[in-house]
1. Which entries of A:Lys149/B:Lys48; A:Lys632/B:Lys173; B:Lys48/B:Lys113; B:Lys173/B:Lys305 have Cα-Cα distances beyond 32 Å here?
2. Which value, in Å to one decimal place, does the Kirkwood hydrodynamic radius take for segment A:637-704 when every pair of different Cα atoms is included?
3. Quick one: which residues, 5+ away or cross-chain, put their amide H under 5 Å from the amide H of B:Val341? H built at 1.01 Å from N.
4. For labels at B:Ser141 and A:Leu160 in the simple 7 Å Cα→Cβ model, what's the distance in nm?
5. With only alpha-carbon atoms in the gyration tensor, what are the semi-axes of the equivalent ellipsoid for chain B, in Å, largest first?
6. Averaged across B:152-163, how many Cβ atoms of other chains sit within 10 Å of each residue's Cβ atom?
7. Taking a virtual spin label 7 Å from the Cα of B:Asp320 along the C-beta vector, which residues in segment B:289-308 bring their backbone nitrogen under 15 Å of it?
8. How far is helix B:98-108 tilted, in degrees, relative to the longest principal axis of the Cα atoms in chain B, given as a value from 0 to 90 rounded to the nearest 10?
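Derivation of every value follows stated rules applied to the coordinates shown; laboratory data play no part. Just so you know, these numbers come straight off a predicted model, no measurement behind them. Note: ideal-geometry Cβ built from the backbone for every residue, glycine included; neighbour counts use all protein chains shown.
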Amino acid sequence: MLWIAVGFGGYLLLPWYVADGGFWSLEWLFGGAPLTADYASGLFQGLLHDRPWLLPVGVLLVAPIAVVGRPKADPVFGAALITIGAAGLAYVVGQGFTIGISGWEFPLLEPLLGPTDLRQDGMGYGALLAAAAFLFMVTLGFAARGAIKGDVFVVGSIGLIMALVAVFVFFPVFRILISAVQDNDGSYSFNLFLSKLFDDKIWGVACLTANLRCGVAWNSLLLAILTGISSTLLGLAFALIATRTNFRAKRLLRVLTMLPIITPPFVIGLAVILLFGRAGLVSQSLWDLFGIAPTRWVFGLPGIWFAQTLAFTPIAFLVLIGIVEGVSPAMEEASQTLRATSWQTFSTVSLPLMRPGLANAFLLGFIESLADFGNPLVLGGNFDVLSTEIFFAIVGAQNDQGRAAVLAIVLLAFTLSAFIAQRLWLGRKSYVTVTGKADSGMPVMIPARVKAIVFGTALPWAALTVVVYIIILFGGFVELLGRNNTFTLRHYIDTFGITRGDFGLVFSGLAWNSFFTTISIAAIAAPLTASIGLLTAYILVRQRFVGRNAFEFGTMLSFAIPGTVIGVSYILAFNVPPIEITGTGVILVLSFMFRNMPVGVRAGIASMSQLDASLDEASLTLGANSFTTVRKVILPLLRPAILAALVFSFVRAMTAISAVIFLVSANYDMATSFIIGRVENGDFGQAIAYSSVLILVMMVAILLLQLLVGERRLRRRAGTAAPVPTASTGLAA
Amino acid sequence: MTMNANSAAVRFEGVTKAFGAVVAVDEVSFTVEAGSLVTLLGPSGCGKTTTLRMIAGLEMVTAGRILIGDQDVTSLPATDRDVSMVFQSYALFPHMNVIENVSYGLVVSGMAKPVARERAEEGLTQVGLAGYGNRLPSELSGGQQQRVAVARALVLEPQVLLFDEPLSNLDAKLRRRVREDIRELQQNLHMTSVYVTHDQEEALAVSDRVIVMRNAEIAQEGTPHDLYEWPLDVFVADFVGDANVIRCEITRIDGLEATVRLGGTERRLPHRDLPVGEANLAIRPEAIRLNTEPSATAIAGSVRKAVYLGSHIEYAVDTDIGELFVSDSRDGQAITAGSSVSVTLAERGVVLVRP
Ligand SMILES: Nc1ncnc2c1ncn2[C@@H]1O[C@H](COP(=O)(O)OP(=O)(O)O)[C@@H](O)[C@H]1O
Ligand SMILES: [Mg+2]
C-alpha cells in the first residue's frame, strides 16, 4: 500500500503542473507549494484554484484503502485494485488531453460543453506520482490475481516498461499520424492528407522520362538498396578474410568493428568532401598531377552512397562475422570428405548457410541508410532523401508540420516494413548467431578464386577507411584541407580554447558549451538506458507471460523508427500539455533512452541467455524474492554487460544527430548539431577538429570499458563473464 | 544440526499442468510421507521435473491442489514456500564463495550474517566440506560442488527438499558414492525429500517409495521391492529393471492363482486380476536358466549371441516363445553361440503383467 501513500503524497504536496522554471527547477520548494496557484498540488489546485476536475483523482487514489487488509488471494482484492487503478490512469490521462493550455483540446467538445476558459499546463511531479501510483495499483492487482506467479516486482516492471514505451514511443508516433491528417490550422482534412501523401515531390518518376528530379521516396529507396547491397558485400568480404584466410592483420580488422560505434555518421560525409570535393585533397592532387578537372560528383547520389557504404560496412561486417563463424566447420569438412572441391563446398554449403545472415545484413544496411540523416545533409546537393526533407519541412521556410508528418509516415513505412520483414523472415536467428558458440574444428579456408575477389575489394576499401580516419584525426590541424595545407592549431583553439580571464580560467572555445551539455546529457541518459534495457532483457529472457511477443515487439520497435521521425514526433507530441518538455534537457535524455533502448535490450538478452536460469530459481527456492534475486545474483553476474550497456548508450548519445537536431535548444545544444552547424557555415576545420575530439573521448571510454571487462575475466575462471555485446544492431543516428 | 523438525508431508490432489497445448502433468495425485524419500522415475519428458518444480513453486498448477504439511500452497510463489531444491546443474552462484552460497538463503531471509555463517559452516561439515568455505565454486570438483548445493539446501531446514537429477553431472563411480551419502544424510536428518531421476537403479537404491511416471501420468507407485517384484504392466516391468515380455495364455483361474501355458510348459502364478485368455508375462533376465543338456520339461532354444561382462554373461536366445534376453551370473563355462540349450524359469522373477 506504499503506492497509495506515494500517490496521495504527491497529490497532496507536490506541484501538479510543471512550473515555469522547467521540470527540474526546484523553485517550488520555496515558492509556496503546495498552496499558491503556480505550484499548487493536485488537491489544492482542485480546491483553491478553480480546477475541480482534479478532485476525483484524490478520491480514486484513496479508494483502495477499502480493500486493504483483505488477503492477497481474495479475488476481490485484485479486481478492485485493477479497476481503481485503471480508472485512475484513464482519468488522469483523459483530463490531461481534454483540457489543454487553451481550453478544450478537441474542437468537438466546444459545441457540446460550451466554450471554456479552463486551461492547464504540462503535468509535473504531482501528476507523475499519481499516475505511477495508479499504474502500480493495476500491476499489484494483476500480481494478486496470480499473473507471473504472483510476482509483484516483475509485474510492476512489465507495467512500468509498457507505460513508458506507450508514452514515449507509441504516443509520439500516433501524434505524427494525427498531424498528417491535420492542416496547418489544426482542422482535420483527409483529402489534404491524401494529396500530400501522393504528392509528386514524394513519388514522382519524372527522372525516368525527362531530365527532372524524381520523388524523394524513390531517391531514398534507391539509395537504401544500393547501400544495403554494397555494405553487405563488402562486409562479407571482410568477414571471410577475418575468419577464412590466414591473413596476418586480422586483429586490425576487428578494430573496424569499433569504428561505427564511435563515429558520428556524418563525419564520414565530411571526410569524403575533404577528400573528393571540388577542393578536396584527392581531387586537387588529380588536377595537379593528371589534369583531371574536379567535379561535384560527391554531392548527390554517388557521394552519399559512397559515404554510407564507408559508414555502414563495419556494421555488416559485425553481423556477418558472427554468421560466418557460426557456419559449422563440420559441415564444410563433411562436404569435402564427400569429394566436393573447395569451390563447390563454398558455393553449395557455406554460402547457402550464410544466406539468412546476408539478408539480415542487407536489411540492416537498408534501414540504416534510410534513417541516415547526417550524410545526406552534408552531401545531399540536389539529391533529396526523406530524412533530410523531413528536417527541411520543419525548420525551413516551409515550416509545414503536416508535410513533415506525411514524409515521416512514408519513411516509417519503409523502415518498419524492413524491420518486420527481418523479424518474420529471420526470426530470432540474428541474436543467436551473433553470440553463438562456434563448433570445434578448423574452419575451411576459402578457395583461391574467392580469395582473390575478396582481397581485391576489401583491402582497397580498408585502405580508404584508414585514409578517411586519418583525415578526420588530422584534418583539424591544417588551415583548410586541400586548399591550404599549412599546419595550424587555430581550429582547436577556436573550439576548445581555454583562456585566463579575470576570474581564473575561462572556457572560451566555441565548443565547450555544447561539449559539456553533450557529456552531461549522455551521462544522465546512459544509466537510465542501461537500466530500462537490462530490465526489459531480464523480463524477456526469464519470464513467460501472455503478450510477451507483443511486449518484445514494442520494446524493439523504436529500433526501426528513424531518428528524424523520432525528432519530429517528439516535437509534435511534447510541445504542448499534458507532457510539455520540448526545449529541455529531459526531452533529449528521453529520446536517447528510447532510441538506444533496443541496444541495451539486445546486450542484456545476449548475456542473460548465457546465465543458467536455474541460478535465479535456486535463489527463489532459497527464499529470496525476485527483486533480491536480480540484485544479488543477476546484476553481479551481468556486471560486464552492464558496463558495456552503459558505455554504449553513453557513446551513442554522443554520436546521435538525427533526432537531436530537432530537439536541441539554445540552452541545450549538443555537440553533433553544433558540428553540423559549423559544416553548414563552411567551417570545415572547426567541424573536423571537434569531431576528432569527440571520437577520441569515445575511444577512451571504450578502451576503459575493455580494460575493466578484461580484468574481470581474468579474475574469474568460471567463465561466467558475459561477452562484451557488440553494437552491431544499433541504428546509426 | 539434528533431526529436522520442519519436515512435512507433501500432497498432490488431482494436479494438472499444461504448457499451452502440451499437458506435462495430467491429474496426478500422490502423497509423500513426512521424513521419507520418494523418487519420481520415468523416461525423459514424462513430467518429472515439472512435478518437482510445482512442489517448489517454480511452476504454477493449471488445476488441482498442492499441500505441504497442512498448508495449501497451491498459489504461493517459490519465495514464500518452505522448500529447497538441489538443481541438476547445482546452480551455485559463481560470484560468491562456498560459505556465501551456503548462507545465502539464511541471509536473504533475515538472519544476521555471523549467525548465518556459523550455520553454514555446520552445514558444510555435515556434507564433509568443512574448511572449504573460502573457495569459489569454480575451484571445486563436480562432486564437491554437488555437496555444496546439498548443504545450501539443507541449512534452511526446509519442510521439503527437492533433488532434480542431482547425480547426472557426475561420473559413474562417484555417482554411486554420492547417492549413498545423500540417502544417509536424508535418513539421519529425517528430511522429507522428493528425488527425480531417470535411472532406475539409482531410484531403487535411494528411495523409500518410487513413483513411476509415464506420459504425464503415474504408472505405478510402491516400494522399490514392490516395483521390481510386482510390476503392474509391461511399461513398468521394462522400465524398472530389464524384462522379457512374452505372450502366454491363462488357461484356468482358481483362487489367487492362474494356470499359465507358455510354449509347451505350464506353471501356476498369481493371477493379478487378469482374465482367462491371452496375457503378458514379464520374465527377469536373471530368472532364466540355460542348460546345455536337453530336457523334455524345458523350452528348447539356441544361443544366438553371448557377451562376456565379467561379473556375468549375457545371452540372446532364440526359442519357440520368442527371443529371450538372459543374464547368467553363475560360475561356469560360457555357452558358445550356436549351441542348443534348454530353457527353464526360476520361481522368482516371473509375473503376469497388464499390457
Ligand atoms: N516451460 C515449458 N514450456 C513448454 N513445455 C514444457 C515446459 N517445461 C516442460 N515442458 C514440456 O512438458 C513435458 C514434461 O517435461 P519435464 O517435466 O521436463 O519432463 P522430464 O523432467 O520428465 O524429462 C515435456 O513434453 C516438455 O516438453
Ligand atoms: Mg527433467
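1. With Cα atoms farther than 32 Å apart: A:Lys632/B:Lys173; B:Lys48/B:Lys113.
2. Working: mean 1/r = 0.0756 Å⁻¹.
Over segment A:637-704, the inverse of the mean reciprocal pair distance is 13.2 Å.
3. Correct list: B:Gly301, B:Ser302, B:Val303.
4. Taking the two extended label points, one gets 4.6 nm.
5. Semi-axis lengths for chain B are 46, 25, 15 Å.
6. 1
7. Under 15 Å, as judged by backbone N against the label point of B:Asp320, lie B:294-302 of segment B:289-308.
8. The angle comes out near 70 degrees.
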